[in-house]
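Please treat every number below as a calculation from the coordinates, not as lab data. For clarity, every value in this text was computed on a predicted model and none was experimentally measured. For neighbour counting, all protein chains shown are included, and Cβ atoms are generated from backbone atoms with ideal geometry for every residue, glycine included.
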Amino acid sequence: MEWKLKSFGELTKEELYQIIKLRIDVFIVEQNCPYPELDDMDQKAHHLFLADGSAILAYCRLFASGNVYDEASIGRVIVRRRDRGNGYAKVLLEKALRFLESEWTETAVKIQAQDYLRSFYEAFGFKAVSGVYLEDGIPHVDMFRKN
């Protein structure tokens with residue numbers, strides 16, 4: 001297994017395919033939530049993922065400040081269903097935050113989190129900055145972290 005961090009242009013066709021497949025498998029099929037997965041934002045993001053051969057086990061996309069929010073942002077945080085419970089989400093978020101802070105010198109991060117994961121993100125210093133709202137029929141909350 002190998003952690004990789006790539007800009008959109010650096011992704012191979014196979015990596016991009018596997019990333020999109022994982023996002024559709026979880027966010028659309030598993031969560032029964034039809035929404036426009038391809039949102040024209042992947043091209044602006046860096047993509048952090050754990051690869052095992054061609055399979056993607058964990059993934060998120062990272063945005064510098066000004067791309068999604070005034071602050072940096074992390075989105076599409078995901079772990080493949082059969083790989084959950086192995087600590088990959090924790091390592092993924094640690095690596096994402098470390099990259100934003102050390103490589104892009106970002107000091108604030110804003111995310112749109114599914115509400116049931118609120119305590120997971122709070123463990124990394126995020127605090128809710130909105131009430132719960134529905135995004136594509138799923139309860140979400142905006143969260144903010146400043147270092």
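Sorting the segments 116-126, 92-102, 7-17 by their mean number of nearby beta carbons within 10 angstrom, highest to lowest, gives 92-102, 116-126, 7-17. Distant-in-sequence amide contacts of GLU106, defined by a placed amide H-H separation under 5 Å and a gap of 5 or more residues or a different chain, comprise GLU101. The phi torsions of region 53-63, fed into the Karplus equation with coefficients 6.51, -1.76 and 1.60 and a -60° offset, translate into couplings of x, 8, 7, 9, 9, 8, 7, 7, 10, 10, 10 Hz, rounded to whole numbers, with Gly and Pro shown as x.
Here the contact order of region 2-146, divided by its residue count and restricted to Cα pairs under 8 Å and six or more residues apart, works out to 19 percent.
A dipole drawn for the chain from +1 and -1 charges on Cβ atoms has a positive end, and of TYR121, VAL132, VAL68 the residue lying farthest that way is TYR121.
Taking the alpha carbon gyration tensor of region 2-146, multiplying each eigenvalue by 5 and rooting it gives semi-axes of 21, 19, 15 Å, largest first. Here the Karplus relation 6.51 cos²θ - 1.76 cosθ + 1.60, evaluated at θ = phi - 60°, turns the backbone of region 100-105 into coupling constants of 4, 7, 8, 8, 9, 6 Hz, with x for every Gly and Pro. Straight Cα distances below 25 angstrom link LYS90 to the lysines LYS4, LYS6, LYS21, LYS44, LYS110, LYS127, LYS146, with same-chain residues fewer than 8 positions distant left out. Would region 1-75 count as rounded, prolate or oblate if I go by the C-alpha gyration tensor, calling it rounded below 1.5 in a/c and otherwise prolate when a/b exceeds b/c, oblate otherwise? Oblate is the answer for region 1-75, as a/c is 1.5 or above yet b/c matches or exceeds a/b.
Whole-Hz Karplus values for region 38-50 come out as 8, 10, 6, 9, 4, 5, 8, 9, 9, 10, 10, 8, 9 Hz, taken residue by residue from phi with 6.51 cos²θ - 1.76 cosθ + 1.60 and θ = phi - 60°; glycine and proline positions read x. Annotation: peptides 25-31, 109-115, 47-53, 133-139, ranked by per-residue average of other Cβ atoms within 10 Å with the highest first, follow the order 109-115, 47-53, 25-31, 133-139. Between region 42-106 and region 8-29, the alpha-carbon centres lie 13 Å apart.
Rounded to 0.05, the FRET efficiency of the ARG81 and THR105 pair, given R0 = 30 Å and the Cβ-Cβ distance, is 0.30.
Electrostatic tally near ALA128: other residues with Cβ closer than 12 Å to its Cβ, Lys and Arg +1, Asp and Glu -1, net +1. In a fully extended conformation the segment linking ASN67 and ILE138 would gain 23.2 nm over its present Cα-Cα distance, using 0.36 nm per residue.
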